[in-house]
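Participant: Have a look at the structure that comes next, please.
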Amino acid sequence: MLVLSGGTGTPKLLQGLKEVADFWVVVNTAEDVWVSGNKICPDIDSVIYALAEVIDDEKWWGIKGDTFYTHQRLKTLGFDEGMMIGDLDRATHILRSEVLRAGKSLCDATKTVANAYGVRHEIFPMCEEEISTIVVTDEGEMHFQEFWVVRKGEPEVKDVYFKGIERAKIPEEVKKRLEKENEVLIGPSNPITSIMPILSIEDFRERLRDKRAIAISPIIGKAPVSGPAGKLMRAKGYEVSPKGVADVYADFLDLLVVDEADEGVIEKSVATNTIMKSKEDAIRLGEFVVRLFDRL
Ligand code: GDP
């Protein structure tokens, strides 16, 4: 099974799915940034930390129990790096960046980091090229990290685009694996900022059409479980509802898993409890999805 992932909802699911199914992951990299000399891949880090069971499962980013001494000391020395980066988390970024500085690819660097954390699943960045998610707001254009981390998602959103996406290529290893793959799962991730970038690379979308594809809705009722997905979907012209999610994936999706609160609201959907508050919740949802693939 191929899983497409962002950095919160899907990593939550992967913590449980790893107990009940085999899978490989293609991860969004359109939120990546260089901070204090190192490359941060927020979504890849969350996938690796979730699979290694070291993720801070209260915030859903960074490492459980991490400290922020270096971040604070930099501030005292007069340099605000903008993003809160934990001391242990920074070690991951240094390792990744040293592999890149040695001339290797992001695919290689991701393998190195995953191996270092004892993660046996194959995890791929969506592409090697540097892509930036730009949010067009009433206050001008800003990088997604500025919109979400610095401005707390407050500005009014008019549009979202992925700078550099036209020249991005699907990594060769991903292409090869995709050819042999028949099952695609889109976890409960932000359809606009996490999944759309992946689908926008070359003909990735078209490559999913002949496969069995299931998505889990990150929207329950008329609102996301967390994060800015609602605002961004609206700006892109989609309804903020499970129907809106199904519309984003309409050309290749076979089935949408909606929350039991939304049972029967759209065709080609099945309902279950999709809220994951614990690893047990994630295992249960993972088992549900595995059974659905068997029936498709
Ligand atoms: P990001 O990269 O941090 O934006 O993370 P993702 O795109 O992977 O995940 C964000 C989405 O996950 C949000 O739209 C949330 O609504 C959704 N989400 C988070 N936790 C849950 C959950 O327990 N259940 C469901 N159904 N969705 C969730």
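The values are calculated or read from the model by the stated rules, or taken from the named source; none is laboratory data. Please read all numbers here as calculations on a predicted model, not as lab measurements. Quick reminder, even Gly has a Cβ in these numbers, built from the backbone with ideal geometry, and neighbours come from all protein chains shown. Calculation scope for accessible area: heavy atoms of the full protein, side chains included, ligands and nucleic acids excluded. Shrake-Rupley method; radii C 1.70, N 1.55, O 1.52, S 1.80 Å.
Participant: Filter the strands (runs of 3 or more DSSP E) completely within the stretch 135-248 down to those with at least 2 residues that are open to solvent by 20 Å² or more (accessible area, probe 1.4 Å) and more than 10 Å from the ligand (Cβ to nearest atom).
Facilitator: 140-143, 157-163
Participant: Could you count how many residues in the stretch 256-268 are in contact (Cβ under 8 Å) with a residue 24 or more places away in the chain and surrounded by fewer than 20 Cβ atoms within 10 Å (Cβ to Cβ)?
Facilitator: 3
Participant: Out of all the residues in the stretch 269-282, which are basic (K, R) and either open to solvent by 60 Å² or more (accessible area, probe 1.4 Å) or touching a Cys at 6+ places or on another chain (Cβ under 9 Å) (or both)? Quick ask: steps written out before the conclusion?
Facilitator: Applying the first criterion (basic (K, R)) to the stretch 269-282 yields 277, 279.
Matches in the stretch 269-282: K277 only.
Participant: Identify the single condition in (1) charged (D, E, K, R); (2) away from the ligand (no atom under 14 Å from the Cβ); (3) open to solvent by 30 Å² or more (accessible area, probe 1.4 Å) that K39 does not satisfy, given that it satisfies every other one.
Facilitator: Here K39 clears every test but (3).
Participant: Related question: What about S132, is it more than 16 Å from the chain's Cα centre (by Cα), surrounded by 15 or more Cβ atoms within 10 Å (Cβ to Cβ) and of a type in the set (S, T, Y)? Steps first, please.
Facilitator: Working: more than 16 Å from the chain's Cα centre (by Cα): no; surrounded by 15 or more Cβ atoms within 10 Å (Cβ to Cβ): yes; of a type in the set (S, T, Y): yes.
Answer is no for this residue.
Participant: Starting from the stretch 1-27, keep only residues that are within 19 Å of P125 (Cβ to Cβ) and open to solvent by 20 Å² or more (accessible area, probe 1.4 Å), then list their pairs with residues that are away from the ligand (no atom under 11 Å from the Cβ) and part of a loop (DSSP other than H, G, I, E, B) whose Cβ atoms are within a distance under 7 Å, requiring at least 6 positions of separation or different chains.
Facilitator: Pairs found: M1/A21; M1/D22; M1/F23.
Participant: Still on this structure, I have one more. Cβ-Cβ below 7 Å, separation at least six or inter-chain, first residue in the stretch 103-131 and touching a residue at least 40 places away in the same chain (Cβ under 8 Å), second hydroxyl-bearing (S, T, Y) and not in a loop (DSSP other than H, G, I, E, B): which pairs?
Facilitator: Here the result reads V113/T92; I123/T110; F124/T110; P125/T110, each pair linking the stretch 103-131 to a residue that is hydroxyl-bearing (S, T, Y) and not in a loop (DSSP other than H, G, I, E, B).
Participant: Kindly indicate whether G82 is more than 23 Å from the chain's Cα centre (by Cα) and either at pLDDT below 95 or outside any helix (DSSP H, G or I) (or both).
Facilitator: No: the conditions fail for G82.
Participant: Restricting to the stretch 138-176, name every residue that is touching a helix residue (DSSP H, G or I) at 6+ places or on another chain (Cβ under 7 Å) and at negative phi.
Facilitator: F144, P155, V157, K158, D159, V160, F162, I165, I170, P171, E173
Participant: Among the numbered conditions (1) surrounded by 18 or more Cβ atoms within 10 Å (Cβ to Cβ); (2) closer than 30 Å to K176 by Cα, tell me where G62 comes up short.
Facilitator: (2)
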